[in-house]
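A short write-up of the structure that comes next.
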Amino acid sequence: MNGLRFDSADLLLIRWQIVLFVICCTLVTGVYLTVGYMEAQASQELQQANSAFERTRSSVELIEEEEATIIENIDEYRVLMARDILEPEDRLQFLEDLAVIRDELQLFPINLSIESQFRERLAYPQSISSGGPIDLASSEISLNMPLLHEEDFVRFFDAIYNNGGLFQIRECLLSLRNSGATRFITLQQHMSIDCTLVHYSYDLNPQVEQPGMLGANNGSR
Amino acid sequence: MTLSGQRKALIIIVKDNEVQILTWDKGVLNHNAVFAADEHSLGVFGRFLDNHRDLPVIIIADVIEESFRYDSIAHVSGSDRKAILNRKMEYLFRDTVYRTAKIIERETAGRRNDKVLLSALTKPDQLEPWVKLVVERNMAIQTITSAAYVIEQYAANRGLGKTENLLIVSLEKGSSFRQTYLQNGKVMFSRVSRLEIAEGTSPGIAIRNETLQVRKYLERARLLRMNSQLRFHVLSPFEQSEMETAFRATDSFECLSTEEEARHSPLELHGNSLSTLIVILAKILGSKRLANIYAPLETRRYHVLRRVSQGLIAASAAMLAGVVFMKAPGVLDAFSDLERAEQVTANTAPYTNEYETLSLRFPETPIPPNEMELVVTSALKIQKYSIEPLETMNTIGSALAQSSDLQITSIAWSVEETPPPNAARRDPYGPAQDQGQQSQFRRAIFEDRLVPTITIQGIAYSPRSYREAQIQVDTFVEALRDDDRVDRVLTIQLPTNVSSDTSVSTTVDDAELRASFTLEVTLKVDS
C-alpha cells in the first residue's frame, strides 16, 4: 500500500474481521496442538497397551516355564536337599561320620587328607535363563586304608555315598597286598585301597563377587 | 458469471447532465435511479447510498472532458519510470487527480524511447461531489474509470483485443455519439460528440461520415497510418440492416443493434433507461471486473480495507480448512489407536486371568526355578560320572565266575579326561580362564569329556598250559564285554603275549603256570 496509511479509525472498520482472524489463529493453533497431543497420547496408550499385552503374555509364558521347571526339578532338588548337598561343607561332621562308618564296618585305620576347598561360580548355560549367583564348592579327599576283604571296600563306599553329600571317585586303586596269596582265611590286611574322592557342595547365597576373582583366590572359606 | 467476474457492485455513471445509478447483483444489471448532475440531487443521492453501503462502488465517467495525450519517455524502469510518468501527468493534467499514464510500446528507431499514453478526466468537478459522498460513507470505491476504458474491456470481451485498428462507435438515443479508437486492443483515443443528421440523410450515412472525419484526425495525429485497414464496430439504436448498408463500402465492419444486444444481456431496466454503455456493462461485468483507471489510492482506501477484510476472512477460512485437512487424518489415527489400544487391553485380560490362576497354583519353591534347574542339572552331571564301586565289583564278579582260575590282583578306578574338541570353546558352566587342575576337571565334567575307566590286573593260573590261561582271560574279557554297563574292553596284557615289545612275568614251578594280564574297561555313561 504505497503511500496509503491506515489509522485506528480505519482499523475499527475491520475490527470484527481482525477479531475473527485472531480467533481463527488461536483456534487453529489450539486444534493443531490439541490434535498433536491427542495423537501422541493415543499412540502412547497403544504402545502401553501393546507393552502390557506383551508383558502379560511373557509373564504367563515365564510362569508356565517356571512351573514346568519346578515340576521337572523339584524332586531331584529335594533329594539334593535331603543329602545335605546344598549345605556348606562340614568337615568336622564328615570326620565324625567316617569314624562311625569305620566303627560300624569294623575297618582298619583310615588315612585321610582333605585338600583346601575350591570354589567356582556356575555360569548359566543358554538353555537356562539367568538367575542369582550360585557357587559350586569342591574338596579333594585322599584316603587309603588296608582291607580285610573287597567286601569292605564296597560297604565302605556304600556307607560314604549313603551318608549324605555328593561324592565322586576321581581315582581309586584296590589292590592285593600279597599277590601270591591264595588263602584269605587268616584275619589280616589282605588288600588296600588308595582313593581320591571329590566332595561337592553348593553355596546358594554366595558373596556377590566376580567369578574370576573367586577363581583367582581359589581358596577355602 | 465467471470467477473473475464482478459479484456485486453499485455502478455510478456520471454524465455531463445526469448521474445514472445501477446495481450489479447475481449476474444481473439493474437500473435503479437517475439524478440530475446538480447540487440538488446530492441529498437524494446520499440517502440512496445509505441503503447500499455494503456494495463496492464503480464510478464510470461518460463525459466529454476526457483527454488523451501521447508522449515519449526514456526507457527506464521501476521507480524512475514512475517518477517520470508522475512528472508528465503533473505537467499535463495538473488540475485533476483522475489521471493515468501507461506505456504503450517502445519506439523502434532513434533513442528507442517508450511511447506513453496519458489520459485524464480533465474536469474533476463533475465527479468529486459524488465521490465525496461515497467516501464520507466509508464505502469502498473499487474503480473509477471512463466509458473509453469500459469499451476497451468490451473489445477484449468480444474477442477484438488483437485487432490492429478498431473504431468502436456507440450511439446513444439522445444523439450522444462516442467514437473510441483502439490499437491492438488498447484505447488510444475517444471522443464524444453530437450526431447531427441532415434532412434526407440516413443515420447510417451520418455515422459513416462522422467516422471518416475521425479517421482523418487519427491519420493526421499519426495514430493511424494512411490507408491502413480500420475495422468498425457500431452499436446504435438503429436498424442493423440500415447501418450495414452504410458501412458496406468499408474494409471491415460489424453493426449491432443496442436493443437487440440488450435482449441477450442480463439487464433489468425501467422506463427509457436503455443506453449503449449499459448494454456494454451488462456484457462484460459477468466475466470481468472493471479495472480501476483513475481512482487515486486515497480514494480507494475503503476498497483496500474491504480487500484486507476479505483477505482476513479468506485467510481465517483457509486456516480452518487447512487445519481440518491436515489434522483430520491425525484425529482418525488417534481414534484408531485408541480403539486398537482398547482391543489390545481386552486381549490382555485373558492372559492376566491366566497369570493370576497360574500364580495361585504356583508350586512352592525354595529357590527360583532357574537357580533350581542350574543346581539340579549340574548335580546330575556330576553324578553321571560318579563310579559306583558296588556296580563295578558286581560286573567284575559276574564276569569272573566263568573264569575261576583267574586271580585279580588290583582294580583301579579312574575318571579320565579327554581333550576338548575346541580349546577356545566357552565353558557353559564356568569361567573360561584356566583355574587349575580342579577347574579343568570340573569343566571336563560339564563338557562331557570324562570317561570312567577300570583297569583290572590279575594272574592267570593253569596247571597244564598257558593256552588254557589265555582262554580263561579271553572268556573273562568276553564276559565283561557282554555286560550292559561296559562300553569297551581293551586288553593291555595277556598271559601268552610274548612279543618282544611286551613284558612277561610268571612263576614256573612244579604245581602250575602263572601269568599276569591287564585289562582296561571303559564303562558306559548314561546320556
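The values are calculated or read from the model by the stated rules, or taken from the named source; none is laboratory data. All of these numbers come straight from a predicted model, not from anything done at the bench. Neighbour counts are summed over all protein chains in view; Cβ atoms, including those assigned to glycine, are modelled from backbone coordinates with ideal geometry. Side chains are part of the model used for accessible areas, which takes the heavy atoms of the whole protein and leaves out ligands, DNA and RNA. Shrake-Rupley method; radii C 1.70, N 1.55, O 1.52, S 1.80 Å.
Brief remarks on what is shown
- Partner shielding of A:10-23 amounts to 4, given as the average count of beta-carbon atoms from other chains within 10 Å of each residue beta-carbon.
- Compactness relative to 2.2 N^0.38 Å, alpha carbon Rg of the protein assembly as shown: 2.27
- Accessible surface of residue B:88 - all protein chains present, 1.4 Å probe, nearest 10 Å²: 60
- You can think of it this way: the chain between residue B:136 and residue B:105 has 7.2 nm of extra reach, that is 0.36 nm per residue less the Cα-Cα gap.
- In the context of the full protein assembly, residue B:186 retains an accessible surface of approximately 80 Å², using a probe radius of 1.4 Å and ignoring ligands and nucleic acids.
- For the protein assembly as shown, the list of Cys residues with no other Cys C-beta under 4.7 Å reads A:24, A:25, B:255.
- Based on Cα atoms of the stretch B:139-226, Rg over Rh with Rh as the Kirkwood radius reads 1.02.
- Global form of the stretch B:178-301, assessed from the alpha-carbon gyration tensor, a/c cut-off 1.5: oblate
- Computed from Cα atoms, the angle from the helix B:147-157 axis to the main principal axis of chain B rounds to 50 degrees.
- Of all lysines in the structure, the ones whose alpha carbon falls short of 29 Å from that of residue B:381, not counting any fewer than 8 places away in one chain, are B:524.
- Note that the stretch B:444-490, at 37 °C in a medium of 0.692 mPa s, gets a Stokes-Einstein diffusion coefficient of 255 µm²/s from its Kirkwood radius over C-alpha pairs.
- Solvent-free Debye calculation, one equal scatterer per alpha-carbon of the stretch A:45-113: log10 I(q)/I(0) at 0.17, 0.21 Å⁻¹ equals -0.81, -0.93.
- Viscosity 0.692 mPa s, temperature 37 °C, Stokes-Einstein D of the stretch B:231-320 from Kirkwood C-alpha radius, µm²/s: 196
- Surface burial for A against B, with a 1.4 Å probe and both sides summed, reaches about 8300 Å² of accessible area.
- Long-range amide H partners of residue B:486 with built H, under 5 Å: B:524
- Cα centroid separation, the stretch B:333-408 to the stretch B:211-251 (Å): 115
- Shielding by other protein chains, A:45-51, mean Cβ within 10 Å: 6
- Figure note: A:199, B:75 ranked by solvent-accessible area, largest first, 1.4 Å probe, ligands and nucleic acids not counted: B:75, A:199.
- Here the Karplus relation 6.51 cos²θ - 1.76 cosθ + 1.60, evaluated at θ = phi - 60°, turns the backbone of the stretch B:54-61 into coupling constants of 7, 8, x, 10, 10, 10, 10, 8 Hz, with x for every Gly and Pro.
- Multiplying the residue separation of residue B:481 and residue B:239 by 0.36 nm and removing their Cα-Cα distance gives an extension gain of 73.1 nm.
- ³J(HN,Hα) computed for each position of the stretch B:170-177 - Karplus, 6.51 cos²θ - 1.76 cosθ + 1.60, integer Hz, glycine/proline x: 10, 10, 8, 5, x, 6, 6, 10
- If you take the alpha carbon atoms of the stretch B:47-167 and fit the smallest convex hull around them, that volume is 149 Å³ per residue.
- Rounded to whole Hz, the Karplus (6.51, -1.76, 1.60) HN-Hα couplings of the stretch B:252-266, x for glycine and proline: 8, 7, 8, 10, 10, 8, 4, 5, 5, 5, 5, 5, 9, 10, x
- In this structure, the pairs whose alpha-carbon distance is over 18 Å, taken from B:88/B:115; B:26/B:288; B:82/B:162, are B:82/B:162.
- Remark: the stretch B:1-121 carries 52 Å² of accessible area per residue (probe radius 1.4 Å; ligands, DNA and RNA excluded).
- Each label was represented as a point 7 Å from its Cα along the Cα-to-Cβ direction; for residue B:69 and residue B:402 these points are 14.5 nm apart.
- Ranked by the mean number of other Cβ atoms within 10 Å of their residues, highest first, the peptides B:20-33, A:72-85 fall in the order B:20-33, A:72-85.
- Accessible area of the protein assembly as shown belonging to carbon and sulfur atoms, whole % at 1.4 Å probe: 50
- Taking the C-alpha atoms only, the angle from helix B:369-384 to the longest principal axis of chain B is near 30 degrees.
- Residue-averaged [θ]222 nm for the protein assembly as shown, counting only DSSP H segments that reach four residues, each worth -39500 (n - 2.57): -14000 deg cm²/dmol
- Amide hydrogen proximity for residue A:177: with H placed 1.01 Å from N in the peptide plane, the residues at 5 or more positions away or on another chain lying under 5 Å are A:191, A:192.
- In this structure, the amide hydrogen of residue B:516, modeled 1.01 Å from its nitrogen in the peptide plane, lies closer than 5 angstrom to those of B:460, B:505, counting only residues at least 5 positions away or on a different chain.
- Cα shape, chain B, gyration tensor, a/c 1.5 rule: prolate
- Taking Cα atoms only, the orientation of helix B:203-220 departs from the longest principal axis of chain B by about 70 degrees.
- Average other protein chain Cβ within 10 Å of Cβ, residues B:448-460: 1
- B:484, B:62, B:474, ranked by accessible area, largest first (probe 1.4 Å): B:484, B:474, B:62
- Each part gets one Cα centre, and for the stretch B:141-174 versus the stretch B:16-85 those centres are 15 Å apart.
- Quarter of Cα convex hull surface for the stretch B:119-180, i.e. mean projection, nm²: 6.0
- Per residue, the stretch B:146-189 exposes 28 Å² of accessible surface when a 1.4 Å probe is rolled over the protein heavy atoms with every protein chain present.
- FRET E, pair residue B:298, residue B:26, Förster distance 30 Å, beta-carbon r, rounded to 0.05: 0.45
- Heavy-atom accessible area ranking, 1.4 Å probe, most first, across A:171, B:39: B:39, A:171
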